[in-house]
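**Q** The following block contains the structure, expressed as structure tokens.
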Amino acid sequence: LFVEGKDFQVLSRFARKMKRNQVANRSDFAVIPVEGFNPAKVRDFTQGMETTLGAKVLSGVIFDRDYRSSDECNKELAYLKKFTVFARIHERKELENFLFVPGPLRCAIERKLAEQNRRTGEKVVFAEDIDEILENVTAPMRHKIEARYLARRRPFEKIKTPSLDESTIDEKLMTEFDGLWQDRQKRFLIAPGKEVLAGLNTYLQNSYGITISASFIVDCFQNEEIPQEMTDLIEQIEEFRKVPIE
């Protein structure tokens, strides 16, 4: 199973919450980290393994979306499915964006504060709005994210519609981005998850003297709070690991 990034831990934690312990423990499959969005590398690595082993290798791949459009993702998925058993591209920017659910975040913060209160004898209470904190954390990132969004999307849009000049493409993309940014929940899907989590922890450290890890947040999810996309992904990995090998 090829996974973009170096850490399968968040996926493992979600799998364990769903009682898919064999997925969490990587039973019947190996995880190979992939640096960046690189379908050709996955293809070449798979073909190299098949040549070396003299046998068919079953592979699956999970990539971050970054700022790719639905059309570009569909094009890449069609290519990936030519040589993989399954291929997924997240509907949100990256894996950490699955963590931005108010209930589990509040639970994680309150648990950490409770631990700290037991040590210090204080009675610090968290009474802030999670979405408002995330909105404040992401607000200074707007121009940097918009620049990345345009840079990522512009080349594909130009290939798709060569007759459009770049200023027209940019105007379309900027209008599209503005709509996503103004919608609080959509903003949390396109903002860089790792950076947002780091910003949230900076705020929590300065305000409450605590930090929360990605794994700790996942442990605070109730099953009904797990995003449907993550549930579908874990079930797809479960099916992948059971595919019979000839």
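The values are calculated or read from the model by the stated rules, or taken from the named source; none is laboratory data. Because the structure is a prediction, the values reported are computed rather than measured. Backbone-built Cβ (ideal geometry, glycine too); neighbour counts: all protein chains shown. Side chains included, ligands, DNA and RNA excluded: accessible areas come from the protein's heavy atoms. Shrake-Rupley method; radii C 1.70, N 1.55, O 1.52, S 1.80 Å.
**Q** Hey, can you tell me all the residues within the range 137-149 that are surrounded by 14 or more Cβ atoms within 10 Å (Cβ to Cβ) and either more than 20 Å from the chain's Cα centre (by Cα) or of a type in the set (Asp, Glu) (or both)?
**A** Scanning the range 137-149 gives a single hit, 146.
**Q** Right, here's the next one. Do the conditions hold for residue 245, that is, is it over 14 Å from the mean Cα position of the chain (by Cα), of a type in the set (Val, Ile, Thr) and at pLDDT 95 or above?
**A** no
Quick grid of which residues meet (1) in contact with a helix residue (DSSP H, G or I) (Cβ under 7 Å, 6 or more places away or on another chain); (2) part of a loop (DSSP other than H, G, I, E, B); (3) small (Gly, Ala, Ser):
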site: 170; (1), (2), (3): yes, no, no
site: 181; (1), (2), (3): yes, no, no
site: 188; (1), (2), (3): yes, no, no
site: 210; (1), (2), (3): yes, yes, no
site: 215; (1), (2), (3): yes, no, yes
site: 218; (1), (2), (3): yes, no, no
site: 229; (1), (2), (3): no, no, no
site: 232; (1), (2), (3): no, no, no
site: 236; (1), (2), (3): no, no, no
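**Q** If I ask for residues that are in a helix (DSSP H, G or I) and of a type in the set (Lys, Arg), which ones from the range 36-94 would you list?
**A** 41, 43, 75
**Q** So, one more: State all residues of the range 31-88 that are of a type in the set (Lys, Arg), surrounded by fewer than 14 Cβ atoms within 10 Å (Cβ to Cβ) and in contact (Cβ under 8 Å) with a residue 40 or more places away in the chain; if no residue qualifies, say none.
**A** Selection gives 56 alone.
**Q** Oh, and also: List every residue pair whose Cβ atoms lie under 9 Å apart, where the two residues are 6 or more positions apart in sequence or sit on different chains, the first residue falls within the range 3-21 and is under 14 Å from residue 235 (Cα atoms) and outside any loop (DSSP other than H, G, I, E, B), and the second residue, located anywhere, is β-branched (Val, Ile, Thr) and open to solvent by 30 Å² or more (accessible area, probe 1.4 Å).
**A** Correct list of pairs: 11/31; 14/231.
**Q** Going through 165, 64, 131 one at a time, which residue ends up being in contact with a His (Cβ under 8 Å, 6 or more places away or on another chain) and charged (D, E, K, R)?
**A** 64
**Q** Which residue, of 128, 110, 122, is charged (D, E, K, R), more than 30 Å from residue 45 (Cβ to Cβ) and either in contact with a Gly (Cβ under 8 Å, 6 or more places away or on another chain) or open to solvent by less than 80 Å² (accessible area, probe 1.4 Å) (or both)?
**A** Only one candidate passes the filter, namely 128.
**Q** Confirm whether residue 8 is at pLDDT below 95, surrounded by 14 or more Cβ atoms within 10 Å (Cβ to Cβ) and over 15 Å from residue 214 (Cβ atoms).
**A** So residue 8 fails the test.
**Q** Write out, first by first residue and then by second, each pair whose Cβ atoms fall under 6 Å of each other, whose residues are 6+ apart or on separate chains, and whose first residue, in the range 127-141, is within 10 Å of residue 106 (Cβ to Cβ) while the second is open to solvent by 30 Å² or more (accessible area, probe 1.4 Å) and not hydroxyl-bearing (Ser, Thr, Tyr).
**A** So the pair list comes out as 130/102; 130/106.
**Q** For residue 163, work out the one condition from (1) open to solvent by less than 70 Å² (accessible area, probe 1.4 Å); (2) more than 21 Å from the chain's Cα centre (by Cα); (3) within 19 Å of residue 71 (Cα to Cα) it doesn't fulfil.
**A** Going through (1) open to solvent by less than 70 Å² (accessible area, probe 1.4 Å); (2) more than 21 Å from the chain's Cα centre (by Cα); (3) within 19 Å of residue 71 (Cα to Cα) one by one, residue 163 breaks only (1).
**Q** Quick one: count up the residues across the range 209-240 that are farther than 10 Å from residue 108 by Cβ, over 15 Å from the mean Cα position of the chain (by Cα) and crowded, with 18+ Cβ neighbours inside 10 Å.
**A** Within the range 209-240, residues that are farther than 10 Å from residue 108 by Cβ, over 15 Å from the mean Cα position of the chain (by Cα) and crowded, with 18+ Cβ neighbours inside 10 Å number 2.
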